[in-house]
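See below for the structure under consideration.
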Amino acid sequence: QLVESGGGLVQAGGSLRLSCTASGTMFSTGWHRQAPGKQRELVAGISTDGKPNYADSVKGRFTISRDNAKNTVFLRMNSLQSEDTSLYYCLAYDSAKRASWGQGTQVTVSS
């Protein structure tokens, strides 16, 4: 089970930090987002040993990190733009490579 938090309403140029805590150990994990009428897309991922990868659209603005001791992954989002408005989902894989999704947290950026 994944529990997300940290979404909200922010003005353009502002920042938010999303958190996702798992009930068990997470292996590779990441954040995806889905805006109305669009496909879900990868925002950022992080491997078990902490190597990040980012969508081109968020490089230099978003930072993904993890705290393995707390089974938590974070997404720090800076310089938010209206195009970042979306429902953000956490995805995590367990030791058997089974995927779990969080319930989603809404991020709304006002211009």
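Points to keep in mind about this one:
- Nonlocal amide H pairs with Thr85, under 5 Å, H built at 1.01 Å: Val109
- Highest-fluctuation residue, Arg40, Arg98, Arg61 considered, GNM on the chain with Cα pairs under 10 Å: Arg98
- Based on Cα contacts under 8 Å between residues 6+ apart, region 8-60 shows a relative contact order of 23 percent.
- Gaussian network model of the chain, Cα within-10 Å springs - most flexible of Ser100, Ser15, Ser57: Ser57
- Scaled against 2.2 N^0.38 Å for its residue count N, the alpha carbon radius of gyration of the chain is 0.99.
- Taking the 1.4 Å solvent-accessible surface of the chain as the whole, the part contributed by carbon and sulfur is 48%.
- J(HN,Hα) series, region 87-96, from Karplus relation 6.51 cos²θ - 1.76 cosθ + 1.60, nearest Hz, glycine and proline x: 8, 9, 10, 8, 10, 9, 10, 9, 5, 8
- Only Cα pairs under 8 Å and 6+ residues apart enter the sum, and on that basis the relative contact order of the chain stands at 37 percent.
- Less than 5 angstrom separates the built amide H of Arg66 from those of Phe74, all sequence-distant by 5 or more or on a different chain.
- Accessible surface area normalised per residue over the chain is 54 Å², counting heavy atoms of protein chains with a 1.4 Å rolling probe.
- Taking Gly30, Gly50, Gly60 as the candidate residues, the one with maximal mean-square fluctuation in a Gaussian network model of the chain, Cα springs under 10 Å, is Gly60.
- Backbone N atoms of region 72-111 closer than 17 Å to the 7 Å Cα→Cβ label point of Ser47 belong to residues 93-95, 97.
The values are calculated or read from the model by the stated rules, or taken from the named source; none is laboratory data. Note that the coordinates shown come from a computational prediction; the quantities given were computed from them, not determined experimentally. No Cβ is skipped: glycine too gets one built from the backbone with ideal geometry, and neighbour counts run over all protein chains shown. We work out accessible area using only protein heavy atoms, side chains counted, and drop any ligands, DNA or RNA first. Shrake-Rupley method; radii C 1.70, N 1.55, O 1.52, S 1.80 Å.
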